[in-house]
Amino acid sequence: MNTFLKALFNKLARLQGLLLCVALGAALPAMAQPSQKTPGDALPTVEVYKSAQCGCCKAWAAHLQENGFRVILHDVDDIPAARKKLGMPSRYGSCHVARAGKYLVEGHVPAADIKKLLKQKPKAIGLAVPGMPLGSPGMEMEDGRSDPYETLLVTPDGEAKVFASH
Ligand SMILES: [Cu+2]
């Protein structure tokens, strides 16, 4: 091999190495992302207790999944009993009750509110959207109808204050 070809060959080899580095550099941050997350950033799995026939409960669970939560669905026959067992006061009742980490979530609570709760970590039983307000996540109407509603923060004494207005 003459010196010119040798130099060209070396140049190509370096270039190839460089390209590989660039490719790895691009791939690595994406691959490393999960481990870069601190445990505090990880969303808890949400366990949803609902009746087998409840369609809006499933739609709410899908809304959570779309927003990054892992969801486990439990079909139960007696929602009031499940609510009582978990510790959510019955007066905030809706169609389903869920556990998200150390908090309870009753009804069609927006995923963003749950994330806010998990970030703020207040001393509380959890969040509740009593009833089933039209237009809340999982209660979307075909005609786009939406009623105003509030997400309540249920405090340890069983009282509640407004956590978010929608
Ligand atoms: Cu519902």
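The values are calculated or read from the model by the stated rules, or taken from the named source; none is laboratory data. Computed from a prediction, not measured in an experiment: that's the story for all the values here. Positions of Cβ are generated from backbone atoms using ideal geometry, with glycine treated the same way; all protein chains shown enter the neighbour counts.
Among the numbered conditions (1) in a helix (DSSP H, G or I); (2) modelled with pLDDT under 95, the only one that Glu142 does not meet is (1). Filtering the range 126-151 to residues that are surrounded by 23 or more Cβ atoms within 10 Å (Cβ to Cβ) and among the aliphatic types (A, V, I, L, M) leaves Leu127, Ala128, Val129, Met139.
Condition (residue is within 16 Å of the ligand (Cβ to nearest atom) and surrounded by 14 or more Cβ atoms within 10 Å (Cβ to Cβ)) applied to the range 157-166: is it met by at least one residue? Scanning the range 157-166, I find at least one residue that is within 16 Å of the ligand (Cβ to nearest atom) and surrounded by 14 or more Cβ atoms within 10 Å (Cβ to Cβ), so the answer is yes.
Which members of the range 118-141 meet the condition of being farther than 24 Å from Pro80 by Cα and more than 16 Å from the ligand (Cβ to nearest atom)? Within the range 118-141, Leu118, Lys119, Gln120, Lys121, Pro122 meet the criteria. The residues in the range 104-127 that are in contact with a Ser or Thr (Cβ under 8 Å, 6 or more places away or on another chain) and under 15 Å from Lys50 (Cα atoms) can be counted, and the count is 4. Counting the residues of the range 118-139 that are farther than 22 Å from Ile79 by Cα and in a loop (DSSP other than H, G, I, E, B) gives 4.
The single residue among Gly144, Gly93, Gly135, Gly101 that is free of Cβ contacts under 8 Å to residues at least 40 places away in the same chain, among the small types (Gly, Ala, Ser) and under 16 Å from Val48 (Cα atoms) turns out to be Gly93. Regarding Arg91, is this residue under 14 Å from Trp60 (Cα atoms) and charged (D, E, K, R)? So Arg91 fails the test.
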